[in-house]
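This report concerns only the one structure given below.
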Amino acid sequence: MLVRLLYASRAAAAVDADTLSAILKKSRANNAASGVTGLLCFSSGIFLQVLEGGRLPVNKLYHRIASDPRHTDVALLSYSEITERSFAGWSMGQVNLARLNPALLLKYSESATLDPYAMSGPVSMALLDELAATASVVGCT
Ligand SMILES: Cc1cc2nc3c(=O)[nH]c(=O)nc-3n(C[C@H](O)[C@H](O)[C@H](O)COP(=O)(O)O)c2cc1C
């Protein structure tokens, strides 16, 4: 029984490279233990994260993440039952925005700035799918 959950949030304070890498390090350790996989994207003060795995582990993790004071305005964009994972290779992959072609953002949104609050859930999901397929993701499992 697998589910996929997508949410967006706004960083509560400036997120530097150390904060981001601490979040990713903790995520990779916890997620590997609970069988959760996914991607985390951070740009212009906004997080976009997809989590996939068992229904209970994903729900528990989402509630834990949603109460994390390092971000706010946590908005559920999409939740679905799935037959297979799209991001099985990453316990928590990081989307490398330095490698992101602005044309890819323009393909899916009104401007070349990442703003999932202005995008539908399926469109944000399509963007993440394409980022994963175009090797814009860094980080090991
Ligand atoms: C944007 C964001 C994404 C996060 N993603 C994850 C995640 O995928 N997995 C995880 O275990 N914790 C994640 N966290 C951290 C959790 O909110 C929480 O601090 C952590 O899971 C606590 O783990 P612990 O109980 O082992 O100390 C994230 C936090 C933020 C702000």
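Based on a Kirkwood Rh over C-alpha pairs, give the Stokes-Einstein translational diffusion coefficient of the chain at 10 °C and viscosity 1.306 mPa s in µm²/s.
106
How big is the accessible area of ARG70 in square angstrom, nearest 10, if you roll a 1.4 angstrom probe over the protein chains?
Counting only protein heavy atoms, the figure is 110 Å².
Using a 1.4 Å probe over the heavy atoms of the protein chains, calculate the carbon and sulfur portion of the accessible area of the chain as a whole percent.
Carbon with sulfur: 55 percent of the solvent-accessible area.
What residue among GLY121, ALA32, ILE46 has its Cα farthest toward the positive end of the dipole of the chain, where the charges are +1 on Lys, Arg and -1 on Asp, Glu, each on the Cβ?
Of the candidates, ALA32 comes out farthest on the positive side.
Just to verify a number: what accessible area does SER67 come out at with the full protein assembly present, 1.4 Å probe, Å² rounded to tens?
90
Rank these by accessible area, largest first, 1.4 Å probe: GLU81, GLU130.
Final ranking, largest accessible area leading: GLU81, GLU130.
Counting Lys and Arg as +1 and Asp and Glu as -1, each charge on the Cβ, what is the dipole of the chain about the Cα centre in debye, to the nearest 20?
Roughly 380 debye, rounded to the nearest 20.
Quick one: what are the phi-derived ³J(HN,Hα) couplings along the range 42-49, Karplus 6.51/-1.76/1.60 with θ = phi - 60°, whole Hz, x for glycine and proline?
Karplus-based 3J(HN,Hα) across the range 42-49 equals 10, 7, 6, x, 10, 9, 9, 9 Hz.
Hey, can you find the accessible area per residue of the chain for me, probe 1.4 Å, expressed in square angstrom?
Heavy-atom SASA per residue in the chain reads 50 Å².
The values are calculated or read from the model by the stated rules, or taken from the named source; none is laboratory data. Everything numeric here is computed off the predicted structure, so don't read it as measured data. In this analysis, Cβ positions are derived from the backbone assuming ideal geometry, glycine residues included, and neighbour counts consider all displayed protein chains. Only protein heavy atoms, including side chains, enter the accessible area calculation; ligands, DNA and RNA are left aside. Shrake-Rupley method; radii C 1.70, N 1.55, O 1.52, S 1.80 Å.
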